[in-house]
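**Q** Before we start, here is the structure in question, set down as structure tokens.
Coordinate-derived values only; no laboratory data. Here the structure is a predicted model, which means the values were calculated and not measured. In this analysis, Cβ positions are derived from the backbone assuming ideal geometry, glycine residues included, and neighbour counts consider all displayed protein chains.
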Amino acid sequence: MSPSDRNLIVDCQVHAYERDRPGRPWAGELQGPPEVTGEQMVAAMDEVGVDGALLVSPWTMYRFDPSYALEVHAKHPGRFGLIRPFDTRSEHIVDEMAQWAATPGAVGARILLTYEPGPDPEHAGLHRTLRAAAYHGLPVNVLAWNRLELLAELAARNPDTQFVLDHVGLTQPFEPPVPARPFADLSRVLSLASLENVAIKISGACTLSHEPFPYPDIWDPLARIFDAYGFERCMWGTDWTRATALLTYREGVDAFRLAEQLSESERAALMGSSLMQIYHWKPDA
């Protein structure tokens, strides 16, 4: 990786979506503004000096349809790597994964264990999805709030699959107030670090703070995560737009970019270089 690559700032999770409309109706409603278009997301990134981001097609609005994310990528080439959710119950999951892997800009897949009907480690569709992603070299991003034990079993049984644990692995608020004990499940998150094929997104971490910017109370638990996983498996992100009721985009960036708790090499890994290694993608500088 070149010195210029190490200076890139890359957000590991943002969303973009249009207003609810007949041509592309929402399946549900996510906490956040009535719209955050690709143009608005790029403007927010430009304002604070974020070079690129992983654009995750929002399941809440669009379920398994990534068409808007694809439009955004086409309009802003080089700024976004694309991640889309997959329906693990689809009979065509192998073909769907192959098609996605061949799509320009696609860098990862996502499954949402939190919304699966039951924690069933024997569910054949889950394993087909994970094997298909591994075959195509796509990391699998996993929302596993309250399902960390299931994720541990899946990761152990699929060692060739690169897993990425979403949102610190901890349930995060969509609006105030912050839960009384936001890091209550931290020990379970730390235990997953023993699985070498599990990386972790430090995304939305500021929404777990009981204190205002720069959120000093998150750093002791985050330090335990960094020690367990190593910075090479940790990736900073804002989870924009879900966090809008709790902080601004600039605050989500500057809480880490200006943090005295990080050395320059740690900051470079956390805010860009680890992501580029795990996803084999980088934004155009």
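**Q** Tell me, what does the Kirkwood hydrodynamic radius of the chain come to in angstroms if you use every pair of distinct C-alpha atoms?
**A** About 18.8 Å, per the Kirkwood formula over Cα pairs.
**Q** Further, regarding this structure: I need THR171, THR88 ordered by Cβ neighbour count within 10 Å, fewest first.
**A** Starting with the residue having the fewest Cβ neighbours, the order is THR171, THR88.
**Q** Quick one: work out the % antiparallel among DSSP beta bridges in the stretch 1-126, nearest 5.
**A** 15 percent
**Q** Could you tell me the relative contact order of the chain? Use alpha-carbon pairs under 8 Å, at least six residues apart, and round to a whole percent.
**A** Relative contact order of the chain: 22 percent.
**Q** Can you give me the Cα centroid spacing of the stretch 12-56 and the stretch 91-157 in angstrom?
**A** Between the Cα centres of the stretch 12-56 and the stretch 91-157 lies a distance of 23 Å.
**Q** While we're on this one: In Å³ and rounded to a whole number, note down the convex hull volume per residue for the Cα atoms of the stretch 17-86.
**A** Convex hull volume per residue, Cα atoms: 84 Å³.
**Q** Starting from the stretch 37-103, pick out the chymotrypsin sites (Phe, Trp or Tyr not before Pro) whose DSSP state is loop and whose Cβ has at most 16 other Cβ atoms within 10 Å.
**A** Those that pass, being in a loop and sparsely packed, are PHE64.
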